[in-house]
Amino acid sequence: MRDVAGIVLIVAAGMAGYWLFPDNLALLTRVIAVALLVLSIDLIVGYCGVATLGQAALFGAGAYAAGIACVNGVTEPLTLIAIGALAGAVAGLLMGTIMLRAHGLAQLVLSIAIVQLFHEAANKASAYTGGSDGLAGLTVGPLFGVFEFDLWGQTAYLFGLALLVLVFIALKFVVSSPFGMLCRGIKEDPVRIKAMGSFVFPVLLKMFVISGAVAGIGGALAAISTQVVGLDSVSFELSANSLVMLVLGGLGTLYGALVGTVIFMGFEHAVSAINPFHWMTMVGALLIAVVLAAPGGLSGLLEKITASGKRTRGGRA
Amino acid sequence: MQTILSIAIDAFAYGMALFIICIGLSLTMGLMRVVNLAHGAFAMIAGYIASYAARDLGLGYAIAIFLAIIGTIVISIPLERLLYRRIYGSPQLTQVLMTIGITFCVIGITNYFFGPTLKTIPLPGSLSQSVNVGFKTIAAHRLFVMACGVVVALGLWFLIEKTAFGIKLRATVDNAAMADALGVRTQVVYAVSFAIAIGLAALGGVVGAEFLPIEPYYALRYMVTFLVVVSVGGAGSIPGAVVACLLLGAVDTTGRYLMPEFGNFFFYAAVIAIVCVFPRGFFGRAQ
């Protein structure tokens, strides 16, 4: 029941964005694409406890796969999204296989090395990816053969919103399934899970594949809506920023991922218009504040406040 | 043959510059268990101080290095007391986020005061000429960096293995509560080793400025490089850091000389291969 209300809230917020900021739909579509990326990080970091600073590799894999397919004549948007998801899943499989060999710090370093390697590869294979100029000239066909992707980005935005809601519902089922519970158990205590007779590596790898598919969908959406794929979609900066968004919103809750993305990118849009370096100082200060004051992120803070509110009510009764 | 020699010399000098910076990070990570991604930010601060002292105030190179080290340590003390102390023993993700936050702040503030341009640290005449070492002429600055690296490595080894402070430090690392109970003032040990680590970052930032130029994004650009080197070498291990810096410096320099169009590709490919084979780094301890 709570989840139905939450999803209605997401749709309502999305539609409110559509009506309130009709001139900024391109930005809002970008927010949705990044929100998918942040959701995918949440699956790995928040539910499995595997720290990663390389998630943009999966996002970029989806974006480039969709972009390359589009340049080569596949223009049906849903097919492109599927291609992006598939590419992301394959990249997730690869990344998971490498990353899960290590633990702790080495794991973090591996994730950084992988995203840098993807970055260099995309830069080098300029015949396919356009290199540092970016892959331009994507012309996407109309959705369902009816809805053209217009100049104002209305179709792209609504399409993105629908995708986000669908993915969100699917992920809600995934994280509350026995498989999702197993992942949480592994996050809490992998040794105990092993002792209970279940295998850790395949479970985590499966989550990596799911997460890769989600990130790939985000990448494909970004490629379709902006009609260009740049090298920044496989950058370390994007990975780090999206991890920051997740932590700002709160680890281990899907809502936290969405809230963090919207707040972070809204602030970024407002402040970086003034001076990008002020923006860096602000993000830095924000991060320090979150770590010191609200380790659970904004959603954790909210929960704390509502919990203490409940206690007071209980006390009065 | 000449090419191989110049690659080898450049690689060695670059590796040593990396080593001076990274060994400080290796100390904080291996001995104090803090993933300090802001390490590069301190090297950058030192570079700015040295540049200001040597270029704008016209002081000598040696004085500039000295001022940079002292200045950076002074800046780091309040940070250690107010921020780092709270994340000792926290999960790695928390430490990563906190130190990325510090890095961002340093970048923003540095740019506000010094502007986005590249800063140079003028070398004294004795270091900017070249020296004939028999088979080849080498820039004196390269030799100076190599000498600094060797001195730092030996000095640290002596400090940690042979002195009373080193014994206390190792005891604190192995079991802080027990060391505390035996009368070691662990808070002081932590503070001193943090200051040493920052001082080394400062030294490396200044003498390595020829290889890693000082600009506001320095902290972010090389953050990954430093972290990677430390984890390849194994956190807390001096020989590990030496091997990792020389090896990765060699891979990076060779790649840039022979196939510059590939950029950092070989560097990161080597890192993935090494970390897959040695998940704890070359000389990392089991945790």
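Derivation of every value follows stated rules applied to the coordinates shown; laboratory data play no part. Owing to the predicted nature of the structure, the values given are computational and were not obtained by experimental measurement. Cβ sites come from the backbone with ideal geometry, for glycine too, and all protein chains shown count toward neighbours.
Structure above, values below:
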quantity: Helix axis angle, B:186-207 relative to chain B longest principal axis, alpha carbon, degrees; calculated: 10 degrees
quantity: Span per principal axis, largest first, for the Cα atoms of the range B:2-219 (Å); calculated: 56, 42, 31
quantity: Whether the protein assembly as shown is rounded, prolate or oblate, judged on the alpha carbon gyration tensor where a/c under 1.5 counts as rounded; calculated: prolate
quantity: Gaussian network model of chain A, Cα within-10 Å springs - most flexible of A:Val71, A:Val209, A:Val259; calculated: A:Val71
quantity: Within 10 Å of each Cβ in B:223-236, the average number of Cβ atoms from other chains; calculated: 3
quantity: Proxy reagent accessibility, fewest Cβ within 10 Å first, across B:Phe19, B:Phe283, B:Phe262; calculated: B:Phe262, B:Phe283, B:Phe19
quantity: In order through the range A:14-21: 3J(HN,Hα) via Karplus (6.51 cos²θ - 1.76 cosθ + 1.60), integer Hz, x for Gly, Pro; calculated: x, 5, 4, x, 4, 7, 7, 10
quantity: Rounded to the nearest 20 debye, dipole of the range A:2-235 from Cβ charges on Lys, Arg, Asp, Glu; calculated: 820 debye
quantity: Dimensions (Å) - the range B:1-130, Cα atoms, principal axes, largest first; calculated: 49, 40, 24
quantity: Rounded if a/c under 1.5, otherwise prolate or oblate - the range A:2-235, Cα gyration tensor axes; calculated: oblate
quantity: B:Thr3 paired with A:Phe21, simple spin-label distance in nm, labels 7 Å along Cα-to-beta-carbon; calculated: 5.3 nm
quantity: Formal net charge of residues neighbouring A:Val38 (Cβ-Cβ distance under 14 Å; K, R +1; D, E -1); calculated: -1
quantity: Gyration tensor (alpha-carbon) shape descriptor, the range A:33-133, a/c threshold 1.5; calculated: oblate
quantity: Counting all C-alpha pairs of the range A:87-207, share separated by more than 18 Å (%); calculated: 71 percent
quantity: Sum of -39500 (n - 2.57) over DSSP H runs of 4+, divided by residues of the protein assembly as shown (222 nm, nearest 500); calculated: -24000 deg cm²/dmol
quantity: Order of A:Val109, A:Val4, A:Val229 - criterion: other Cβ atoms within 10 Å of each residue's Cβ, fewest first; calculated: A:Val4, A:Val109, A:Val229
quantity: Residue-wise HN-Hα coupling along the range A:238-251, computed from phi with Karplus coefficients 6.51, -1.76, 1.60 (Hz; x: Gly, Pro); calculated: 4, 4, 5, 4, 6, 5, 4, 4, 4, 5, 4, x, x, 6
quantity: Neighbouring partner chain Cβ atoms per residue of A:49-55, average, 10 Å criterion; calculated: 2
quantity: Exposed chymotrypsin sites (Phe, Trp or Tyr not before Pro) absent - longest run of chain A, DSSP non-H/G/I/E/B, at most 13 other C-beta within 10 Å; calculated: A:1-143
quantity: Under-5 Å amide H pairs with A:Gly54, H placed in peptide plane, nonlocal only; calculated: none
quantity: In sequence order, calculated HN-Hα J values of the range A:128-134 (Karplus, 6.51, -1.76, 1.60; Hz; x Gly/Pro); calculated: 9, 10, x, x, 6, 6, x
quantity: Dipole moment magnitude, nearest 20 debye, chain B about Cα centre, only Lys, Arg, Asp, Glu C-beta charged; calculated: 460 debye
quantity: Calculated FRET value between A:Arg184 and B:Ser128, using beta carbons and R₀ = 51 Å, to 0.05; calculated: 0.30
quantity: Within-12-Å neighbourhood charge of B:Ile214 [Cβ basis; K, R +1; D, E -1]; calculated: +1
quantity: Fluctuation leader among B:Ala54, B:Ala270, B:Ala43 - chain B, Gaussian network, Cα springs under 10 angstrom; calculated: B:Ala270
quantity: Calculated FRET value between A:Ser176 and A:Phe144, using beta carbons and R₀ = 45 Å, to 0.05; calculated: 0.90
quantity: Amide proton proximity set for B:Ala139, modelled H, under 5 Å, gap of 5+; calculated: B:Val131
quantity: Degrees separating the helix B:39-51 axis from the principal Cα axis of chain B, which is the longest one; calculated: 50 degrees
quantity: Inter-label distance, nm, simple model (7 Å from Cα along the C-beta direction), A:Ile305/B:Val188; calculated: 4.6 nm
quantity: Inter-chain shielding of B:87-98 (mean C-beta neighbours from other protein chains, 10 Å cut-off); calculated: 5
quantity: Counted charge near B:Asn264, where neighbours are those whose Cβ lies closer than 12 Å (Asp, Glu -1; Lys, Arg +1); calculated: 0
quantity: Residue order, fewest to most beta carbons within 10 Å, for A:Glu120, B:Glu261; calculated: B:Glu261, A:Glu120
quantity: Mean Cβ neighbour count within 10 Å, used as a protection proxy, ranking B:75-81, B:157-163, A:218-224 highest first; calculated: A:218-224, B:75-81, B:157-163
quantity: Inter-label distance for B:Ala177 and A:Tyr128, nm, one decimal - labels placed 7 Å from Cα along Cα-to-Cβ; calculated: 5.4 nm
